[in-house]
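Structure first, then comments.
We did not get these values from a lab; they are worked out from the coordinates using the rules stated. Quick caveat: nothing in here was measured; it's all calculated off a predicted structure. Using ideal geometry, Cβ is built from the backbone for each residue, glycine included, and neighbour counts are taken over all protein chains shown.
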Amino acid sequence: MKSEKQHPRDRSYDEAVVEVFQADPAVAVELLNDILADGDQAELLIALRQMTKAFGGVTAIAEKANLNQTQLYRTLSENGNPALTSLAAILKAMGLRLAVQPIKAKSQRTRATKKAA
């Protein structure tokens, strides 16, 4: 009897990213910080959608963030434009927060050098 070789189920990129975030939440934090440094809102919304799936799903995150599910879907949609309060609530529901950091020293030195010249 010949056994059929079973192939792992094909999965989407988003599913793979969600699995990585679940296995190592620090990867999600690093990605989010990189996106925030670049300032790309479209990438930010994609990452937040993936993180929502990884950290409990829409129902759980919406509940923890005191948002309804529809509001969360709209906020994180391709056309979403989350208010700071919503973004902070969503991140808090994931166990994260926004933080302000100085721009890397190289950029500061460049500005200081230009001022001195």
For a quick check of your reading of the model, give me the residue pairs whose first member lies in the range 28-43 and is more than 18 Å from Glu15 (Cα to Cα), whose second is part of a helix (DSSP H, G or I) and among the small types (Gly, Ala, Ser), with beta-carbon atoms closer than 7 Å and at least 6 apart or on different chains. Ile35/Ala47
Residues of the range 22-65 satisfying the condition of being touching a Phe, Trp or Tyr at 6+ places or on another chain (Cβ under 8 Å) and under 22 Å from Gln101 (Cβ atoms): Pro25, Val27, Ala28, Met51
When you scan the range 1-93 for helices (runs of 4 or more DSSP H) that lie fully inside it, which ones turn up with 1 or more residues that are in contact with a Lys or Arg (Cβ under 7 Å, 6 or more places away or on another chain) and not β-branched (Val, Ile, Thr)? 69-76, 84-93
Positions within the range 67-86 being under 20 Å from Arg97 (Cα atoms), loosely packed, with under 12 Cβ neighbours inside 10 Å and not polar (S, T, N, Q), in sequence order: Ala83, Leu84
Being in contact (Cβ under 8 Å) with a residue 24 or more places away in the chain, under 10 Å from the mean Cα position of the chain (by Cα) and within 26 Å of Lys104 (Cβ to Cβ), is that true of even one residue in the range 81-91? no
